[in-house]
Number of protein chains: 2
Amino acid sequence: MLSVDEVLEQLKERGYRRTPQRECIVGILWESGVPLSAREVHERVRATFPHVSLDTVYRNLELLREAGLVSQINLQSRESARFELLKGEHHHHLVCLECGESVCLPACPVDLHELERRHAGEFTVINHAFELYGYCKSCRS
Amino acid sequence: MLSVDEVLEQLKERGYRRTPQRECIVGILWESGVPLSAREVHERVRATFPHVSLDTVYRNLELLREAGLVSQINLQSRESARFELLKGEHHHHLVCLECGESVCLPACPVDLHELERRHAGEFTVINHAFELYGYCKSCRS
DNA sequence: ATCGGTGCAAACCATTTGCACGTTA
DNA sequence: TAACGTGCAAATGGTTTGCACCGAT
């Protein structure tokens, strides 16, 4: 379970600098339990740094994604991508088709090693995505 | 396992008309084993109907998706969506991060009923998405 | 004769990029 | 002070929409 400082430390090890904007963006992602869109991150960052631009948010999210510290989620929805800080535990989400809110699934239902083994011949598996779609308590009427 | 005609028949039952463009788009999706982007569908349709517009392709793909006859796959990257005709069998894909090509997984690795049961209280599960990402034989060097 | 479907062009919207300046190491 | 990071504005690219005409039922 990584802390905000540990995340920033990992960035530093990769040669990235520590800036107030970057700290704030990581902090926002850290605090929020659920995946956020770039726009949502931007709005929250602006509460502290009103001058921060949306491009900076995008650039930092991309950078965090490349560093493997953030996962980007955009399967099967035409909406904007959502980003989540990976604090360590591997998991997936239940996504509400109505309000877009997402809930964490307690565990990964997939035996990745088994799948990797099965396809080792033709494919090198790097990553996977799994999402459940449906309606949350307040949206199913 | 649905045929092209059966797909068009299902559309008719929902009040949609049978047009040459629509027939052709369904035919293209049918022939292609792999998911295609809207642009790819457009290019292939144009081989037969040079005048067809990209918007028509999008409108028909959306219509087929709404009718539950096509599944939309958004790769974990920011590339364009891909669309696949559902001929009946439920399955998922292995997607190459380099060339974008996808391979069908033989089976669904998820016990959906189990998951539905587990979350029945707070969530009504409608659908799910699962994708493996990695590198295919020719792209991993 | 209707009303859905289509083509065209313009609009939209999330995301990306070029550039000049400010900041971190 | 040398890159890196940021803000701004403009570009990009996939997808959607308004509108007038065409064609299937």
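For residue B:79, work out the one condition from (1) at pLDDT below 85; (2) assigned to a helix (DSSP H, G or I) it doesn't fulfil.
Of everything listed in (1) at pLDDT below 85; (2) assigned to a helix (DSSP H, G or I), residue B:79 misses just condition (2).
Listed here are the residues, each with its yes/no results for (1) among the acidic types (Asp, Glu); (2) within 13 Å of DNA strand D (Cβ to nearest atom); (3) more than 19 Å from residue A:131 (Cβ to Cβ); (4) surrounded by 17 or more Cβ atoms within 10 Å (Cβ to Cβ).
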| residue | (1), (2), (3), (4) |
| --- | --- |
| A:21 | no, yes, yes, yes |
| A:25 | no, yes, yes, yes |
| A:34 | no, no, no, no |
| A:44 | no, no, yes, yes |
| A:81 | no, yes, no, yes |
| A:84 | yes, no, no, yes |
| A:91 | no, no, no, no |
| A:99 | no, no, no, no |
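So which of A:59, A:82 is more than 11 Å from chain B (Cβ to nearest Cβ) and touching a Ser or Thr at 6+ places or on another chain (Cβ under 7 Å)?
Working: A:59 fails: touching a Ser or Thr at 6+ places or on another chain (Cβ under 7 Å).
Of A:59, A:82, the one residue that is more than 11 Å from chain B (Cβ to nearest Cβ) and touching a Ser or Thr at 6+ places or on another chain (Cβ under 7 Å) is A:82.
If residue B:124 satisfies every condition in (1) within 7 Å of another protein chain (Cβ to nearest Cβ); (2) touching a strand residue (DSSP E or B) at 6+ places or on another chain (Cβ under 6 Å); (3) assigned to a loop (DSSP other than H, G, I, E, B) but one, which is the exception?
In the conditions (1) within 7 Å of another protein chain (Cβ to nearest Cβ); (2) touching a strand residue (DSSP E or B) at 6+ places or on another chain (Cβ under 6 Å); (3) assigned to a loop (DSSP other than H, G, I, E, B), residue B:124 misses (3) alone.
Conditions first: (1) within 13 Å of another protein chain (Cβ to nearest Cβ); (2) under 15 Å from the mean Cα position of the chain (by Cα); (3) among the β-branched types (Val, Ile, Thr); (4) assigned to a loop (DSSP other than H, G, I, E, B). Residue A:95 passes all but one, so which condition is the exception?
In the conditions (1) within 13 Å of another protein chain (Cβ to nearest Cβ); (2) under 15 Å from the mean Cα position of the chain (by Cα); (3) among the β-branched types (Val, Ile, Thr); (4) assigned to a loop (DSSP other than H, G, I, E, B), residue A:95 misses (4) alone.
From the set of residues in the stretch A:2-12 that are more than 15 Å from residue A:71 (Cα to Cα) and away from DNA strand C (no atom under 12 Å from the Cβ), which is surrounded by the most Cβ atoms within 10 Å (Cβ to Cβ)?
By that ranking, first place goes to A:4.
Just to be sure before I move on: is residue B:65 in a helix (DSSP H, G or I), more than 12 Å from DNA strand D (Cβ to nearest atom) and within 13 Å of chain A (Cβ to nearest Cβ) in the structure I sent?
Criteria not met by residue B:65.
If I ask for residues that are in contact (Cβ under 8 Å) with a residue 24 or more places away in the chain, in a loop (DSSP other than H, G, I, E, B) and farther than 22 Å from residue B:96 by Cα, which ones from the stretch B:14-57 would you list?
Those that are in contact (Cβ under 8 Å) with a residue 24 or more places away in the chain, in a loop (DSSP other than H, G, I, E, B) and farther than 22 Å from residue B:96 by Cα: B:14, B:16, B:49, B:52.
Among the residues in the stretch A:80-90, are any within 16 Å of DNA strand C (Cβ to nearest atom), more than 12 Å from the chain's Cα centre (by Cα) and not hydroxyl-bearing (Ser, Thr, Tyr)?
Within the stretch A:80-90 (the criterion being within 16 Å of DNA strand C (Cβ to nearest atom), more than 12 Å from the chain's Cα centre (by Cα) and not hydroxyl-bearing (Ser, Thr, Tyr)), the answer is no, since none of the residues qualifies.
Is one or more of the residues making up the stretch A:102-113 outside any loop (DSSP other than H, G, I, E, B) and over 18 Å from the mean Cα position of the chain (by Cα)?
yes
Run down A:53, A:3 and say which single residue is within 9 Å of DNA strand D (Cβ to nearest atom) and out of contact with any Lys or Arg (no Cβ under 7 Å at 6 or more places or on another chain).
Just a single option satisfies the conditions, and that option is A:53.
In the list B:114, B:131, which residue meets the criterion of being within 10 Å of chain A (Cβ to nearest Cβ), within 18 Å of residue A:91 (Cα to Cα) and in contact (Cβ under 8 Å) with a residue 12 or more places away in the chain?
B:131
The values are calculated or read from the model by the stated rules, or taken from the named source; none is laboratory data. Note that the coordinates shown come from a computational prediction; the quantities given were computed from them, not determined experimentally. Heads up, the Cβs are rebuilt from the backbone with ideal geometry, glycines too, and the neighbour counts pull from every protein chain shown.
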